[in-house]
1. Being of a type in the set (A, V, I, L, M, F, W, C) and in contact (Cβ under 8 Å) with a residue 12 or more places away in the chain narrows it down to one residue among Leu136, Leu89; which is it?
2. Condition (residue is surrounded by 13 or more Cβ atoms within 10 Å (Cβ to Cβ), out of contact with any helix residue (DSSP H, G or I) (no Cβ under 9 Å at 6 or more places or on another chain), of a type in the set (D, E, K, R) and touching a residue at least 40 places away in the same chain (Cβ under 8 Å)) applied to region 104-126: is it met by at least one residue?
3. Tell me which of these Ala84 doesn't satisfy, since it passes every other one: (1) surrounded by 12 or more Cβ atoms within 10 Å (Cβ to Cβ); (2) modelled with pLDDT under 95; (3) not hydroxyl-bearing (Ser, Thr, Tyr).
4. Would you be able to say whether some residue in region 90-102 is at pLDDT 90 or above, open to solvent by 60 Å² or more (accessible area, probe 1.4 Å) and in a strand (DSSP E or B)?
5. Looking at Lys87, is it under 19 Å from Asp47 (Cβ atoms) and more than 14 Å from the chain's Cα centre (by Cα)?
6. Name the one entry in Pro79, Pro6 that is at pLDDT 75 or above and over 18 Å from Glu114 (Cβ atoms).
7. With the requirement that a residue be touching a residue at least 12 places away in the same chain (Cβ under 8 Å), open to solvent by 20 Å² or more (accessible area, probe 1.4 Å) and either closer than 16 Å to Arg58 by Cβ or assigned to a strand (DSSP E or B) (or both), what does region 71-81 give you?
8. Restricting the search to region 93-113, which residues are of a type outside the set (A, V, I, L, M, F, W, C) and within 19 Å of Arg58 (Cβ to Cβ)?
Amino acid sequence: MRTKQPNLGSLTQSFARLWMTGGRTLSTKNFPHISKDKRTVSTPKHDVFHTIANPTRRQMLQLLADNELSIAAIAKSFPISRTAVNKHLRVLSEARLGSCRKTGRETRYRLEPEPLVELKTWLSFFEGYWMNGLRLSSVWWKRMRSHHNGKIA
């Protein structure tokens, strides 16, 4: 008699869902990448690289690094409209770099740094090139100084 094999796709999604939430109930507001029926985990709409390409969003990430702030507090730091701030915050949320929670009538935003690991991993690949470049420039400066008897303006 043949036994039915489990659907590995749904098992993987179940595992990912449990792992991402630590067994907590999912909220699609705090986790926009989770479907409404809480059965599938989607890929982020925006990736980390696209998200941090914008200087305003990079500044927002720095602002949210130490504090959980309301949209009004965030908007005070930028010369753009609250609507534009809200759009940037939505992109941060869709890239899983930010989350929000409702406190009374106020929505508070905070940094979710875990996706930045992808950026750090990618950048670490190039670290050897940078270090080699720094070493070569140091050698070049030493040669220039010795060639000009230590007098470089």
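The values are calculated or read from the model by the stated rules, or taken from the named source; none is laboratory data. For clarity, every value in this text was computed on a predicted model and none was experimentally measured. FYI the Cβ positions are ideal-geometry reconstructions off the backbone, even for glycines, and counts take in every protein chain you see. Quick note on the areas: whole protein, heavy atoms, side chains included, nothing else; ligands and nucleic acids left out. Shrake-Rupley method; radii C 1.70, N 1.55, O 1.52, S 1.80 Å.
1. From the options Leu136, Leu89, the qualifying one is Leu89.
2. Checked against the condition, which is being surrounded by 13 or more Cβ atoms within 10 Å (Cβ to Cβ), out of contact with any helix residue (DSSP H, G or I) (no Cβ under 9 Å at 6 or more places or on another chain), of a type in the set (D, E, K, R) and touching a residue at least 40 places away in the same chain (Cβ under 8 Å), region 104-126 yields no hits at all.
3. Just one mismatch for Ala84, condition (2).
4. yes
5. So Lys87 passes the test.
6. Pro79
7. Matches in region 71-81: Ser77, Phe78, Ile80.
8. If the condition is that a residue be of a type outside the set (A, V, I, L, M, F, W, C) and within 19 Å of Arg58 (Cβ to Cβ), then Ser93, Glu94, Arg96, Gly98, Ser99, Tyr109, Arg110, Glu112, Pro113 are the ones that fit.
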